[in-house]
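Let me begin by presenting the structure, written as C-alpha cells, before commenting on it.
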Amino acid sequence: MRASFLGCPIDILTMAETIDLASKAMRGHQRLQHVALNVAKFVNMRSDPVLAADVANSDIVGIDGMGIVWGARALGLPAMSRVTGVDLLRELLEVCERESFRPYFLGATPAVLHQAAQRVRDKHPSLVFAGLKHGYFTSEQESDVVRDIRASGADCLFIGMPTPRKERFLAAHRDELGVPFIMGVGGAFDVLAGAVLRAPLQMQQFGLEWLYRIYQEPRRMWWRYARTNTLFASVLAYRHH
C-alpha cells in the first residue's frame, strides 16, 4: 500500500511482502528499485532535489526508521512495523542462496567489502556473487563500474555508498545497469563485516539505534543525528498545528 507521508511517498509493507516483491522481480527480470527511508533521509530530501527525486522514482519506499513509523502513525497511517535495510539484505541473501540468484555488492572500503563477502559466504556456502566492487572509485572510473555490473549478469545489486552519492549514481545509470532488483543498503556492509555493531534488540525496538551509533562513533555521528532528529520533530509538530 502506497501512502503519502508529509509529501513523501511511503510503501506500507511487511518484511515478508517486501521479500516477495523482490523475489518476483528477480525471477521475472523486472526492474525494481528499493529505497529505505529513515529520518535522516527524509530530512535531507527537503533540501536535496536529487535525493527527493530518487526516493519519489523508486518502486518501493520502505520504512526503515522507527521515527518514520511513529510519525506515520501520528498522522493516522497504518504503519505497523519497519523493514530495516540490513535485515532485508540478510533475508534476501538467504533467498539468493535458495534460488541461485547472484548478488553484486558495490560500496564500502576494499577491506570491509571483502570481510562482509567472506562472512556471507561462510553463512551461505552455496551462494555465488556476481561481483564485488568497493565504493572508492573516481568519477573517471564510473563507466567501468557500470560496465562491470552490467556484464556480471547480477540478479540483485546492493549499494553501500553514502547518501547522496548513491542516489546520484543511480539517477545517472539505473537504466543501463541491467539488474532486476536494486537496493541501497547504507552502512549494512560494515554491519555484515562486523566493523560496526548493531544496537541491542531492545534499543532497536524503542527506535534508539541512533543513540547507539552516537555511542560507537560520537565525533562523526553526534551532529548528524542532533540536526536531523530536531528538524524531523519540528516538521511533524508543524503538521500537527
Out of everything in the range 65-82 that is in contact (Cβ under 8 Å) with a residue 60 or more places away in the chain and part of a loop (DSSP other than H, G, I, E, B), what residue ends up being most open to solvent (accessible area, probe 1.4 Å)?
M80
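What are the residues in the range 124-178 that are among the small types (G, A, S) and modelled with pLDDT of 95 or more, if any? Please lay out each step first, then the result.
Step one: of the range 124-178, the residues among the small types (G, A, S) are 126, 130-131, 135, 139, 143, 151-154, 160, 171-172, 178.
Passing the criteria: S126, A130, G131, G135, S143, A151, S152, G153, A154, G160, G178.
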Got a number for residues in the range 168-188 being touching a residue at least 40 places away in the same chain (Cβ under 8 Å), more than 11 Å from the chain's Cα centre (by Cα) and assigned to a helix (DSSP H, G or I)?
4
Regarding the range 5-19, can at least one residue be identified that is in contact with a Lys or Arg (Cβ under 9 Å, 6 or more places away or on another chain), among the polar types (S, T, N, Q) and not in a helix (DSSP H, G or I)?
no
Every listed condition ((1) under 27 Å from Y136 (Cβ atoms); (2) buried (at least 17 other Cβ atoms within 10 Å of the Cβ)) holds for L32 save (1)
Taking only pairs six or more apart or across chains, which ones have beta-carbon atoms under 7 Å, a first residue in the range 30-50 that is closer than 20 Å to F158 by Cα and of a type in the set (V, I, T), and a second residue that is crowded, with 23+ Cβ neighbours inside 10 Å and modelled with pLDDT under 90?
V35/D54; V50/E167
Taking the range 126-141 as the search range and keeping residues that are in contact (Cβ under 8 Å) with a residue 24 or more places away in the chain, open to solvent by 60 Å² or more (accessible area, probe 1.4 Å) and of a type outside the set (S, T, N, Q), which one is farthest from V179 (Cα to Cα)?
Y136
Among the listed residues V69, V50, which satisfies the condition of being out of contact with any strand residue (DSSP E or B) (no Cβ under 9 Å at 6 or more places or on another chain) and among the β-branched types (V, I, T)?
V50
Does L93 meet the test of being surrounded by fewer than 21 Cβ atoms within 10 Å (Cβ to Cβ) and modelled with pLDDT under 95?
no
List the residue pairs whose Cβ atoms are under 7 Å apart, where the first residue sits in the range 1-20 and is more than 12 Å from I60 (Cα to Cα) and in contact (Cβ under 8 Å) with a residue 40 or more places away in the chain, the second is in a helix (DSSP H, G or I) and basic (K, R), and the two are 6 or more positions apart or on different chains.
L6/R239
Search result, residues across the range 166-190 that are among the aliphatic types (A, V, I, L, M) and either closer than 11 Å to R31 by Cα or surrounded by 22 or more Cβ atoms within 10 Å (Cβ to Cβ) (or both):
L170, L177, V179, I182, M183, V185, A188
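The values are calculated or read from the model by the stated rules, or taken from the named source; none is laboratory data. In this text, all values refer to a predicted model and were calculated from it rather than measured experimentally. Methodologically, a virtual Cβ is constructed for each residue, glycine included, from the backbone with ideal geometry; neighbour enumeration extends over all protein chains shown. In case anyone asks, the SASA skips ligands and DNA or RNA and just uses the protein heavy atoms, side chains included. Shrake-Rupley method; radii C 1.70, N 1.55, O 1.52, S 1.80 Å.
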